[in-house]
1. Return yes when ARG418 is touching a residue at least 60 places away in the same chain (Cβ under 8 Å) and assigned to a loop (DSSP other than H, G, I, E, B) and no when it is not.
2. Show the residue pairs that are 6+ apart or on different chains and have beta-carbon atoms under 6 Å apart, the first residue being within the range 302-313 and over 19 Å from VAL453 (Cα atoms), the second being not in a loop (DSSP other than H, G, I, E, B).
3. Suppose we filter GLY424, GLY385, GLY438 for residues that are under 30 Å from ARG289 (Cα atoms) and among the small types (Gly, Ala, Ser); which single one remains?
4. Say whether the condition of being more than 20 Å from ALA321 (Cβ to Cβ) and in contact (Cβ under 8 Å) with a residue 60 or more places away in the chain is met by at least one residue in the range 385-400.
5. Please go through the range 425-447 and pick out each residue that is more than 15 Å from GLY392 (Cα to Cα) and either surrounded by fewer than 22 Cβ atoms within 10 Å (Cβ to Cβ) or over 35 Å from the mean Cα position of the chain (by Cα) (or both).
6. Can you tell me how many residues within the range 535-556 are modelled with pLDDT of 80 or more and on the phi > 0 side of the Ramachandran plot?
7. Which numbered condition trips up TYR327, out of (1) assigned to a helix (DSSP H, G or I); (2) closer than 27 Å to ALA502 by Cβ; (3) out of contact with any Leu (no Cβ under 7 Å at 6 or more places or on another chain)?
8. Test PHE485 against the stated conditions and say whether it is farther than 28 Å from PRO579 by Cβ and either surrounded by 22 or more Cβ atoms within 10 Å (Cβ to Cβ) or touching a strand residue (DSSP E or B) at 6+ places or on another chain (Cβ under 6 Å) (or both).
Amino acid sequence: MTLNKVRDGLSGLPRRWKQAILIGFDMLALLGVLWLSFAIRLGGTFTPTMSHILLMLLAPILAVPVFVRMGLYRAVIRYLPERALWTIIQAMMLATLLWVFALFLAEATRLATFPRTVPLFYFIFGTVVVAGSRFLAKALLWLPERNLGHGGGVVIYGAGSAGTQLAEALRAHRASYVVAFVDDDQSLWGRDVAGVRVDPPTRLEELIRNRGVSEVILSIPSADATRRAQIVTELSHHPIKIRALPAIADLVSGKYLISQLREIDIDDLLGRFAVPADPELMSEILGGRVILVTGAGGSIGSELTRLIVQHAPKKLVLLEANEFALYEIDRHLRTLAEVEIVPVLGSIADAALVRRTLNGQGVEVIFHAAAHKHVPLVEANALEGVRNNVLGTRILVEAAVAAGVKRFVLISSDKAVRPSSVMGATKRWAELIVRHYGKGSGMRYCSVRFGNVLGSNGSVVPLFREQIAAGGPVTLTDSRMTRYFMSIHEAAELIVQAGAMAEGGDIFLLEMGEPVRIRDLAENMIRLAGLSVKSDDNPKGDIAIHETGARPGEKLSEELFFDPANALRTTQPKILRSPPSARRTSDLVPALAALDAALDAEDETELRRVLFDYVKV
């Protein structure tokens, strides 16, 4: 109990007091070391003269400034790394040399003489005492934190009011030890904020190396997405865990407290800035309407349903072939809003079910998200891919036209552009089907084309997370491969707004930013998990990355546009409109008949020929 009280008392002292205690200890310890050195050298009791006393006092007086300059009083004892021993040896060596120079001057002026071996004993014993005292203190102070599972010190990035409150919260709860602030504001460098020193970001590597930092917390809730992404990218190259305070809007709304942190997600590396949804567009297509979402239990479909129920639709119909997925999304939506929800279990390829649902529920708007999307699986099951993605879309569109559904939004894919896979070709067929029935018919039918969404079912992000959690290796097909990414919520908002802007037969393209290299994505996810990448340059790393080779139908890079130069801007900066196509769809009906015939005959060779021949640019 006494040891615990002493430990708690020392830990609770202000930083300046701790430094004063260390300085006082070092001065007394070095004086004791000098007396011991003389006693050993002279082989008996040593009685110093006044000159000896003055020169002995000079030794610690010279040593303390050296220790200050070498950073011995900046280090947090409980997080002192083993490599600090070398710094202590260097500091003690320099302090000894300065004292030897003072002895030389004393002898030259005949003030006093000293045995030549005393400085050697002073260096050896001084190093042992200074280093030993610090590592002994580390062992005593570190023990309770190690038992609590703490991994090291914390640096707070951002010394503003939010960072100050966070430091106080961490200190009050003794959750972590705040080693330092880092901040971009040069006027704060070298100052103390809330009793913690503020350093420039360039010192972060030194703090990690010398002061036991294992975590950086971003405390810049008002920074824009681009700046946050830049900082996270820089930090992700260090062997540390990264967390962040939530956005300022969430703090103001009370969704989070200042002491609550969130894990840095891969979204933060994209640097995408959110454009607020246009409430008029959202209300126009959702408010007071009967809406059907196909594939309602999937990644995009479920996010669309969550968005829709927040805009007061008259009724929401969920069409989903997976029973458990339908049960889950139906149960979840009923907790979000008081909206009439109708779950329908079945496939879009079931024409009778589709017609019965559209007519019976009085559907006014359709968001068509149901599709087989996993490229290798669809490639290996081409017949089912075509049956669901192409003929299912035709059944749904024809039933919608017959039922008088005025708005239809197809969720398409960047893989529909110059498709190399069955999945991409089926999505291009779906676009052409929607365009054929929507063009010039008075129906506001459209397609919305975009790339990958982070965290969607079957995407690389959850796969990488699973592999990292299992200890690796992380597998990717080709290091050169790039993909477009955006968040699911952003995609859902833009899909709805694009649907509201449709005039008939449109193809909208969501602005996806720059493509992301999949290997960079994998490496960043490993680093964000607080681990290191195992490679030839770093054989002692935690997680290896293995290439498995491109799978059938996969491209190294995807495209959003057939002709990027001609993409048309809309009132929403994140939504582009594909220019009117010269491609006629008058031959679509006979092409569908040929595809249907190949499907009925289960002739996969003929089916692939018809599938790809029709979508050639």
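1. Answer is yes for this residue.
2. Here the result reads VAL309/LEU333; HIS311/MET282; HIS311/LEU286; PRO313/LEU286; PRO313/ILE291, each pair linking the range 302-313 to a residue that is not in a loop (DSSP other than H, G, I, E, B).
3. GLY438
4. No, that holds for no residue.
5. Passing the criteria: ARG435, HIS436, GLY438, LYS439, GLY440, SER441, GLY442, MET443, ARG444, TYR445.
6. Total meeting the criteria: 0.
7. So the condition that TYR327 fails would be (2).
8. Against the criterion (farther than 28 Å from PRO579 by Cβ and either surrounded by 22 or more Cβ atoms within 10 Å (Cβ to Cβ) or touching a strand residue (DSSP E or B) at 6+ places or on another chain (Cβ under 6 Å) (or both)), PHE485 does not qualify.
The values are calculated or read from the model by the stated rules, or taken from the named source; none is laboratory data. Just so we're clear, the structure is a prediction, and the values are computed from it rather than from any experiment. We place every Cβ from the backbone using ideal geometry, glycine too, and count neighbours over all the protein chains shown.
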